[in-house]
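Below is one structure, written out as structure tokens; comments come after it.
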Amino acid sequence: GIRRGFCNMAGVLESGFGEAWRFNPWAVGAFACALACLLLGTHALWVHRSTQVSGLAFFPLAVVATVWNLGEGLASLLEPGGHPTMPYFIASVLAWGAPAAFLFASACVRVPWRGLWLVLLSAMSTATTVLVWRDPDVIVGSRAGAWGGRVPLFGPHAYWVIVPGVVATLLTVLVVFLAWRNCAPSRRRRQLGYLCVALFVALLGAADMFS
């Protein structure tokens, strides 16, 4: 049944990642969230296929959320022991949350020099991704997660990876908040409010890295 199918999948993952895996029911929620995010991003592309502006701007954010949840689900399946590569993967995905959030927010709110900001944020994410994999003081190992599996054990240089993304996302939230405050009561104002709250809640993902 389900357990046998999982064992077959675990064999494929083990051969690909070189890690040991075991069944963890808590991973089901993360995989469900990953599927939901992917479907939501695909739906946005389909609904906005006439203009493709909003759909294309939202899709990268949906992909980041999808891969993030997928990584969390896979990490919860890791056997204790060893030094898995999955924590590096999760931290790398987190680094691209800021430019993806700004891309979608700037499609909803007019931002001066939007292209320049996107280039700078993308360069920042590229640099932090390189740090994750090349700097041994960013991730010094892994530890047992509260819900099973393995989670990153951060070193003294982890803040060079986490803080820039958090600050950039906070600035994106601020831009959306200012647009919401200056907008007259309307459907658009409600949408901006939802977007502001959603981006702020997404920052909790950074706090989850330390839980």
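The values are calculated or read from the model by the stated rules, or taken from the named source; none is laboratory data. Since the structure is predicted, the reported quantities are computational estimates derived from the model, not experimental observations. Note that each Cβ is placed from the backbone with ideal geometry, even for glycine, and that neighbours are counted across all protein chains shown. Note: accessible area is taken over every heavy atom of the protein model, side chains too, but ligands, DNA and RNA are not part of it. Shrake-Rupley method; radii C 1.70, N 1.55, O 1.52, S 1.80 Å.
Quick notes
- Scanning the stretch 110-123 for residues that are open to solvent by 60 Å² or more (accessible area, probe 1.4 Å) and not β-branched (Val, Ile, Thr) gives ARG110, PRO112, TRP113, ARG114, LEU116, TRP117, LEU120.
- In the stretch 67-109, of all residues being outside any helix (DSSP H, G or I) and open to solvent by less than 20 Å² (accessible area, probe 1.4 Å), the one that is modelled with the highest pLDDT corresponds to VAL109.
- Residue count, the stretch 45-66 (criterion: modelled with pLDDT under 80, open to solvent by less than 40 Å² (accessible area, probe 1.4 Å) and farther than 21 Å from VAL167 by Cα): 1
- The stretch 124-211 holds helices (runs of 4 or more DSSP H) entirely within its bounds, and those carrying 1 or more residues that are touching a Cys at 6+ places or on another chain (Cβ under 8 Å) and either modelled with pLDDT of 85 or more or open to solvent by 20 Å² or more (accessible area, probe 1.4 Å) (or both) map to 159-181, 187-202.
- Count of residues meeting criterion [free of Cβ contacts under 8 Å to residues at least 40 places away in the same chain and among the aliphatic types (A, V, I, L, M)] in the stretch 129-157: 3
- Taking the criterion of being touching a residue at least 12 places away in the same chain (Cβ under 8 Å) and aromatic (Phe, Trp, Tyr), the residues of the stretch 166-206 that qualify are PHE177, TRP180, PHE200.
- Residues of the stretch 93-117 satisfying the condition of being free of Cβ contacts under 8 Å to residues at least 12 places away in the same chain and among the hydrophobic types (A, V, I, L, M, F, W, C): TRP113, LEU116
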